[in-house]
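> To start, I am sharing the structure in question, which I have written as structure tokens.
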Amino acid sequence: LKTYADADLLSRRGKDEAAVRAFEVFVGQSPRGALADRALMAVVRLRAGLGRYAEAAEVCRRVAGEYRASPVAPEARMQAAAFYEERLGRFQEAVREYEALMADYPDSPLVEEARQKLRRLQERIRG
């Protein structure tokens, strides 16, 4: 828990690169710990803040894959889709993430938003 607290403190102090490393160390030490999913979502936020959207999207996919039962997993899918669509222009990957969110978490409050974004994106792809 101290490693998590240290990483969080680094993040709050604006030491984003060091915070990313510290959160990753925390997850490495306790990959099935109660805070591992949240630590990875902190990595997502920090990497996005550093403009490293592809890396952030991959961490989102890791959260959704390795922590499927986590309450943050649907948000991780939505974030990955947003990075692919809005920041990376990788529309087919965004489509896959929206579809995975709807299939994997049909009761999530994010499903309707994902459905709307997917519909809009598919129209954009078709031109």
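> Only helices (runs of 4 or more DSSP H) wholly contained in segment 1-53 count here; list those with 2 or more residues that are over 17 Å from the mean Cα position of the chain (by Cα) and over 20 Å from residue 65 (Cβ atoms). Even if it seems obvious, please write down each step before you answer.
Working: elements: 2-12, 16-29, 36-49.
Because the criterion is at least 2 residues that are over 17 Å from the mean Cα position of the chain (by Cα) and over 20 Å from residue 65 (Cβ atoms), the helices (runs of 4 or more DSSP H) in segment 1-53 that meet it are 2-12, 16-29.
> Here's a follow-up. Kindly list, by first and then second residue, each pair from a residue in segment 50-75 that is farther than 14 Å from residue 94 by Cα to a residue that is open to solvent by 70 Å² or more (accessible area, probe 1.4 Å) and assigned to a helix (DSSP H, G or I), limited to pairs with Cβ atoms under 7 Å and residues at least 6 apart or on different chains.
72/38
> I'm trying to understand the selection: among the residues of segment 64-84, which are small (Gly, Ala, Ser), in contact with an Asp or Glu (Cβ under 7 Å, 6 or more places away or on another chain) and within 19 Å of residue 46 (Cα to Cα)? Full working, then the answer.
Within segment 64-84, the first condition is being small (Gly, Ala, Ser), and the residues that meet it are 64-65, 69-70, 73, 76, 80-82.
This time we only want the ones that are in contact with an Asp or Glu (Cβ under 7 Å, 6 or more places away or on another chain), so: 70, 80-81.
Once the filter is applied, which keeps residues that are small (Gly, Ala, Ser), in contact with an Asp or Glu (Cβ under 7 Å, 6 or more places away or on another chain) and within 19 Å of residue 46 (Cα to Cα), segment 64-84 yields 80, 81.
> So, one more: If we keep just the residues of segment 69-94 that are over 15 Å from the mean Cα position of the chain (by Cα) and either assigned to a loop (DSSP other than H, G, I, E, B) or hydrophobic (A, V, I, L, M, F, W, C) (or both), which is surrounded by the most Cβ atoms within 10 Å (Cβ to Cβ)? Talk me through it step by step, then tell me what you get.
Taking segment 69-94 and keeping what is over 15 Å from the mean Cα position of the chain (by Cα), we get 89-92.
Filter once more, so that each one left must be either assigned to a loop (DSSP other than H, G, I, E, B) or hydrophobic (A, V, I, L, M, F, W, C) (or both): 89-91.
Numbers: 89: 9, 90: 17, 91: 15.
Only one residue fits best here, namely 90.
> A further question on this structure: Before we move on, is residue 119 out of contact with any Phe, Trp or Tyr (no Cβ under 7 Å at 6 or more places or on another chain), touching a residue at least 12 places away in the same chain (Cβ under 8 Å) and not β-branched (Val, Ile, Thr)?
Details: out of contact with any Phe, Trp or Tyr (no Cβ under 7 Å at 6 or more places or on another chain): yes; touching a residue at least 12 places away in the same chain (Cβ under 8 Å): no; not β-branched (Val, Ile, Thr): yes.
Taking the combined requirement at face value, the residue does not satisfy it.
> May I pose another question? Suppose the filter is free of Cβ contacts under 8 Å to residues at least 40 places away in the same chain, hydrophobic (A, V, I, L, M, F, W, C), under 28 Å from residue 100 (Cα atoms) and touching a Phe, Trp or Tyr at 6+ places or on another chain (Cβ under 8 Å); does residue 34 pass it? Even if it seems obvious, please write down each step before you answer.
Values: free of Cβ contacts under 8 Å to residues at least 40 places away in the same chain: yes; hydrophobic (A, V, I, L, M, F, W, C): yes; under 28 Å from residue 100 (Cα atoms): yes; touching a Phe, Trp or Tyr at 6+ places or on another chain (Cβ under 8 Å): no.
Judged against the criteria, residue 34 is not a match.
> Right, next: Identify, please: which residue in segment 8-31 is touching a residue at least 24 places away in the same chain (Cβ under 8 Å) and of a type in the set (A, V, I, L, M) and is, among those, farthest from residue 79 (Cα to Cα)?
Taking the candidates together, the pick is 19.
The values are calculated or read from the model by the stated rules, or taken from the named source; none is laboratory data. Predicted model, so just to flag it, every value in this text is computed and none were measured. Counting neighbours? That spans all protein chains shown, and the Cβs are built from the backbone with ideal geometry, glycine included. For accessibility, only protein heavy atoms count, side chains too; no ligands or nucleic acids. Shrake-Rupley method; radii C 1.70, N 1.55, O 1.52, S 1.80 Å.
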